[in-house]
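Structure, as structure tokens:
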Amino acid sequence: MLDTYLSYIKILTKDFAKYFLATVLVLSIKGELFNIGLRIWSDNEMSFYEDGLWQITLILSFLITCCVMINKYAPE
């Protein structure tokens with residue numbers, strides 16, 4: 001029984017890591033496009049990475065991954 005739980009935890013951990021890394025990649029690409037727009041809009045005074053806005057990528061990735069995992073493993 002313990003082996004079953006460990007195997008489920010292993011599967012869930014792998015899926016969570018896979019989805020988290022995928023959302024970080026997608027949101028980072030989107031963030032870089034946002035960074036370009038932000039620099040143009042602010043006449044090169046603001047930056048996505050220097051002003052701490054990069055943390056939004058990790059928070060959003062975590063929330064999106066949680067939603068995907070809940071919908072995948074507990075759809076009802």
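The values are calculated or read from the model by the stated rules, or taken from the named source; none is laboratory data. Quantities reported herein were computed from a predicted structural model and do not represent experimental measurements. Because the Cβ atoms are built from the backbone with ideal geometry, glycine has one as well, and the counts that use them run over all protein chains shown. For the accessible areas, the whole protein counts, side chains as well, though only heavy atoms, and no ligand, DNA or RNA atoms are used. Shrake-Rupley method; radii C 1.70, N 1.55, O 1.52, S 1.80 Å.
Please tell me if Ser28 is in contact with a helix residue (DSSP H, G or I) (Cβ under 7 Å, 6 or more places away or on another chain) and at pLDDT 90 or above.
Against the criterion (in contact with a helix residue (DSSP H, G or I) (Cβ under 7 Å, 6 or more places away or on another chain) and at pLDDT 90 or above), Ser28 does not qualify.
Only one of these is at pLDDT below 90 and among the polar types (S, T, N, Q): Ser61, Ser7, Ser42. Name it.
Only one candidate qualifies: Ser42.
A Cβ distance below 8 Å, combined with a sequence gap of six or more or placement on separate chains, defines the contacts here; from the stretch 25-38, residues that are over 11 Å from Leu60 (Cβ atoms) reach no residue that is open to solvent by 100 Å² or more (accessible area, probe 1.4 Å) and among the acidic types (Asp, Glu). Restricting attention to the stretch 6-46 and to residues that are among the small types (Gly, Ala, Ser) and either in a helix (DSSP H, G or I) or under 12 Å from the mean Cα position of the chain (by Cα) (or both), the residue that is surrounded by the most Cβ atoms within 10 Å (Cβ to Cβ) turns out to be Gly31. Within the stretch 60-76, no residue that is closer than 13 Å to Asp15 by Cα and touching a residue at least 12 places away in the same chain (Cβ under 8 Å) sits with its Cβ atom under 9 Å from a residue that is open to solvent by less than 70 Å² (accessible area, probe 1.4 Å) and not in a helix (DSSP H, G or I) at 6+ positions apart or across chains.
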